[in-house]
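Written below as structure tokens is the structure these notes are about.
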Amino acid sequence: MSAPAGSGGALRVLVVDDHEVLRAGLVALLGAADGVRVVGQAADGPSSVRAARELRPDVVLLDVQMPGGDGLSAIDRILADGPATRVLVLTTFDLDEYVFRALRAGASGFLLKTAPPSELVRAVRACSSGELQLAPSVVQRLAESYVAHPPAGQRPRAPGLDALTPRELDVLLVLARGASNAEIGRELHLAETTVKSHVTGILTKLGLRDRVQAVVLAHDNGLVGR
């Protein structure tokens, strides 16, 4: 079910969840937030792909476990149809492999369904600007899962890593733990503007879409826990 797209510069959000009551709550919460407009909603993966193609939202807030076509299978198609769209995954975090698969598919971040309302709104806004930070608890869980059960067929070392300066590598190692720019700056004794510049350089050299993909790359290349 979708609403007509509008104008006015508000952040455009598509809400996807199979639980009608939860979905209605998310729509009401986001619709009441300043500068946010819910332009549509869907109840499964296939309908989310169609709605995203039609409405061109800035952010798709997407559940991963839904009957009739889950969110994981929809991420690739949503991003292929709308490269500028960001996907923020909703999860209960029951299955770690869902989280890592969604990251590989191109999701820009994660939000636990237990998050408070203010955190949901903040995460959606941050996701739209590419500044979303993975919660440290999520990063830790991913790291533990990856160490215990590394994916089959380990990828070769990313060639772009050799192009990073020593300081950029330092930043990447801290970033991979889910740290914000401010937190990276405090740990490495750098100005936040300098950290932002280093992060931009890292993403450019590694050919990455956003910092969540940097977390995946760091895991793939055995950098986590160094």
Review point. Hey, which of the helices (runs of 4 or more DSSP H) in the stretch 20-122, taking only ones fully inside, have at least 2 residues that are over 16 Å from residue 10 (Cβ atoms) and in contact with a helix residue (DSSP H, G or I) (Cβ under 6 Å, 6 or more places away or on another chain)?
Key: 45-55, 71-81, 96-105
Review point. Mind checking whether some residue in the stretch 187-202 is buried (at least 18 other Cβ atoms within 10 Å of the Cβ), aliphatic (A, V, I, L, M), modelled with pLDDT under 85 and in a loop (DSSP other than H, G, I, E, B)?
Key: no
Exercise for review: Collect the residues in the stretch 105-145 that are β-branched (Val, Ile, Thr) and modelled with pLDDT of 85 or more, keeping them in residue-number order.
Suggested key: 121, 124
Point to revise | Residues satisfying the stated conditions in the stretch 162-189, i.e. hydroxyl-bearing (Ser, Thr, Tyr) and in contact with an Asp or Glu (Cβ under 9 Å, 6 or more places away or on another chain) | key: 180
Review point. Only one of (1) of a type in the set (D, E, K, R); (2) over 23 Å from the mean Cα position of the chain (by Cα); (3) outside any helix (DSSP H, G or I) fails for residue 167. Which number is that?
Key: (3)
Check your understanding: In the stretch 205-215, which residue that is more than 11 Å from the chain's Cα centre (by Cα) and not small (Gly, Ala, Ser) is farthest from residue 168 (Cα to Cα)?
Key -> 208
Exercise for review: Would you be able to say whether some residue in the stretch 21-31 is more than 19 Å from the chain's Cα centre (by Cα) and either more than 25 Å from residue 116 (Cβ to Cβ) or not assigned by TED's automatic domain parsing to the domain that holds residue 121 (or both)?
Suggested key: no
Check your understanding: Residues 58, 44: which one is touching a Ser or Thr at 6+ places or on another chain (Cβ under 9 Å) and under 19 Å from residue 27 (Cα atoms)?
Key -> 58
Exercise for review: May I ask you to verify whether residue 61 is closer than 18 Å to residue 125 by Cα, modelled with pLDDT under 90 and buried (at least 21 other Cβ atoms within 10 Å of the Cβ)?
Suggested key: no
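The values are calculated or read from the model by the stated rules, or taken from the named source; none is laboratory data. A quick note: this is a predicted structure, and the numbers were derived from the prediction, not measured. Quick reminder, even Gly has a Cβ in these numbers, built from the backbone with ideal geometry, and neighbours come from all protein chains shown.
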